[in-house]
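J.: One structure, pasted below without further comment.
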Amino acid sequence: MFWKFDLHTSSHLEALLDKEDVTLTELMDEEDVLQECKAQNRRLLLFLCQDQSMQELVRLITTDPPAGVEETKRFKYSNIACELLTCDVGVINDKLGNEEPLLETLYAFLEQPSPLNPLLASFFSKTIGNLITRKTEQVISFLRRKEGFLSLVLKHIDTSAMMDVLLRLISCVEPPPLRLETLTWLNDEKLAQRLIELIHPERDEERQSNASQTLCDIIRLSRDQASQLQEFSQPDPLLTVLESQGCVEQLLQNMFSGARTESCIVNGIQVLLTLLEIRRPCSYVLVDGVMDAQGFERSYTVNSSILLAIQPHLIHFHQLLLEPPKRNPMLTTLGVLEEPLGNTRLHVARLVASLLYTSSASHAVIAQELCGLNTMDLLLDLFFKYTWNNFLHLQVELCVAAILRPSTPKNSAHNLMVTHLFQHCHLVQRILEAWEENDRIQAEDGMRRGYMGHLTRIANTVVHNLEKGPVHTQISNLIAELPEDYRGRWETFVEQTLSETNRKNTIDLMGTGNPRPSSEDDMESPFPKELTLQQVFSDYQIQQMTANFVDQFGFNDEDIQILYEITPCKLLKLCTFKFSLCSLQANTAVFEACSKERIQSFDDDEEDIWEEKEINYATQTKSRNR
């Protein structure tokens, strides 16, 4: 850094600081004021840390500026004030965190009537968040003395910046004993229950959405920190309450009380999905061309109380698939959709997929209830009805994958789900009929159905688990029980139609012969060795180069590390290299020998040099290893 060696030139800021009557506004008009503050310009920091200057900075980030100024410049000084207060300079943090009058001025922002100015709220959130991180004990002690602090934050929860304040209190308090003390305080203030109360049909949508997002973030942060601090045995009180059966039941009662609005249901399901997460969200994994429900990283265990609370309400979710909140017709590129699927039904499908995957490992009641309601059959109906909704198609595919690849194959309730899928939902028959219908439409110059990609992967899932899945014996018996007509059509479909489709899906569109799966981002599928020979040899070449890099170029990791320790005066010595003439002559001889082996003269009597021939890599490899 230039200022470390005092190489920076004097700026206009220094001239201003020489003035006896210089104002804070004049200093903030200078372009380099923030840079000088971060460089810990002593004179500037002395001026900023004066009581009058600090009060003015806090006032700027908590008070609406005059309305007569041009909108693009109106919040200029508020923004600069926030940057100065949060530039992580120790003397500023100490002044702001240790002076209670300054904290009182900052806290007074929460006492303003709703709605808060969102920009000023972000300045407040950033400033108080920085103090929670840097002056933890002082700020936590101050906030705990304010009886109405949590009520004021929740009052303004419709402003998203207030979410950040709560999350800072949960994630940025150190050390662990102080963090546990803070979480216990928030739990005693009923934070989780009060956030759940905000997810209610009578609340405005923005408040519901922010409360839902806050709950989701609290769950994820608490689980992450619990896994990182395993030696600290005390359970997280907030997470314990959120995972309790009573808390989940309260959320579900709010969702289904009174008018069932899409906003309330969707935001409530978002919280349920987070509670049901047993791994961090990541790309879906496909193995052998089929969706692999085991591909997720299993990080958490789902508390059985969550499933016990959800089970009585499955009938309500099923009813939402039949009668979702009313939506107006939607104009799409393919025409008017009179009855859109809607966000409610999509989220219910996501919830069912999550429950199937979770219940396969821990709870049989969910699987039994879903079979009794015939929910999978209804989801398959929607799969084929909404031809172009790939969001829905993915969730149904995940449901099928979760059923066919259970983590506990000897679970009798889950075996019931497999039987239900083939006998009551008629999965094989639906696949065959939909495929034949698509072929007929395409033969008449119609458009390929939008679900065909996901239908292909569902068919591959069935075939894959029929061959080597954990319930392959049961699936084999169920397919053997199909009517003879369908059984014969299925065998022909697998051997011919599906096989040909999979072959086409693995051919590179550019015709280079390199295999490329349908989704390179999330698919790991083995291909025949002859299709990847070129790539294998290329990888071999790279490995050889890497292995011999140090020997050929004379640097190893220790030599490279020395570069970071070299001072400018030593640079000249480093740049003095010694070349060996003998070594150069030896390398030249090797190069000429290789050239004679590979380069042919252009005599008319010789064969065509452009003719495709088998290339012998042995000599090339031998030369490289020298």
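J.: Accessible area per residue, 1.4 Å probe, Å², for the stretch 108-242: what's the number? Can you show the working numbers first?
T.: Numbers: 5750 Å² over 135 residues.
Computed with neighbouring chains in place, this is 43 Å² per residue.
J.: How would T23, T301 line up by accessible area, probe 1.4 Å, largest first?
T.: Output order, biggest surface exposure first: T301, T23.
J.: Using the Karplus equation 6.51 cos²θ - 1.76 cosθ + 1.60 (θ = phi - 60°), what ³J(HN,Hα) coupling, rounded to whole Hz, does each residue of the stretch 95-103 give in order, writing x for Gly and Pro?
T.: Taking θ as phi minus 60°, the curve returns 4, 6, x, 9, 8, 5, x, 5, 5 Hz for the stretch 95-103.
J.: With Kirkwood's inverse mean 1/r over C-alpha pairs for Rh, give me the Rg to Rh ratio of the stretch 12-189, two decimals please.
T.: Here the Rg-to-Rh quotient is 0.99.
J.: Listed here are the pairs K38/K73; K95/K126; K38/K76; K326/K385; which of them are more than 21 Å apart at the Cα? Mind showing how you got there, number by number?
T.: Details: K38/K73 24 Å; K95/K126 17 Å; K38/K76 19 Å; K326/K385 18 Å.
Beyond 21 Å between Cα atoms: K38/K73.
J.: What do you reckon, how do E323, E189 stack up by accessible area (1.4 Å probe), largest on top? Please report the intermediate quantities before stating the final value.
T.: On the way: E323 125, E189 65 Å².
Result of the area sort, largest leading: E323, E189.
J.: If you line up the Cα atoms of the stretch 43-86 on their principal axes, what length do they span on each, largest first, in Å?
T.: Principal-axis extents of the stretch 43-86 (Cα, largest first): 32, 15, 14 Å.
J.: Note down the net charge around Q319, summing +1 for each Lys or Arg and -1 for each Asp or Glu among other residues with Cβ under 12 Å from its Cβ.
T.: Summing Lys and Arg as +1 and Asp and Glu as -1 gives +1.
J.: Moving to a separate point now. Please give the net charge around E189, taking every other residue with its beta carbon less than 12 angstrom from that of E189, where Lys and Arg add +1 and Asp and Glu add -1.
T.: Residues near E189 contribute +2 overall.
J.: Additional query: How many angstrom separate the Cα center of the stretch 193-244 from the Cα center of the stretch 457-485?
T.: Between the Cα centres of the stretch 193-244 and the stretch 457-485 lies a distance of 41 Å.
The values are calculated or read from the model by the stated rules, or taken from the named source; none is laboratory data. This is a predicted model, so every value here is computed, not measured. Positions of Cβ are backbone-derived with ideal geometry, glycine not excepted, and every protein chain shown enters the neighbour counts. For the accessible areas, the whole protein counts, side chains as well, though only heavy atoms, and no ligand, DNA or RNA atoms are used. Shrake-Rupley method; radii C 1.70, N 1.55, O 1.52, S 1.80 Å.
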